[in-house]
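Comments concern the structure below.
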Amino acid sequence: MMTDQLKYHLERQEDLEACCQLLSNILEVLYKKDVGPTQRHVQIIMEKLLRTVNRTVISMGRDSELIVSVSM
């Protein structure tokens, strides 16, 4: 799976825009109803990438163009 490559680049702060786009695309596909069971795939992504994604977002700060603010 792409999680190892994503983690590698996120930890090194490399190609962050491409990493964001790739992870977004993967999650969009897994969210669709017609792709079969996805729970295990989502679980793998969470286990391998959640901490790294959180650390990356925190280190980027609010001024980064990749950070999107959602107001409700």
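Anything in region 29-57 that is modelled with pLDDT under 95 and of a type in the set (Asp, Glu)? List them, or say none.
The one that is modelled with pLDDT under 95 and of a type in the set (Asp, Glu): Asp34.
How about region 31-50: which of its residues are more than 20 Å from His9 (Cβ to Cβ) and not charged (D, E, K, R)? First the steps, then the outcome.
Step one: list which residues in region 31-50 are more than 20 Å from His9 (Cβ to Cβ), which gives 31-40, 42-43.
Within region 31-50, Tyr31, Val35, Gly36, Pro37, Thr38, Gln39, Val42, Gln43 qualify.
The values are calculated or read from the model by the stated rules, or taken from the named source; none is laboratory data. Computed from a predicted structure; not experimentally measured. Heads up, the Cβs are rebuilt from the backbone with ideal geometry, glycines too, and the neighbour counts pull from every protein chain shown.
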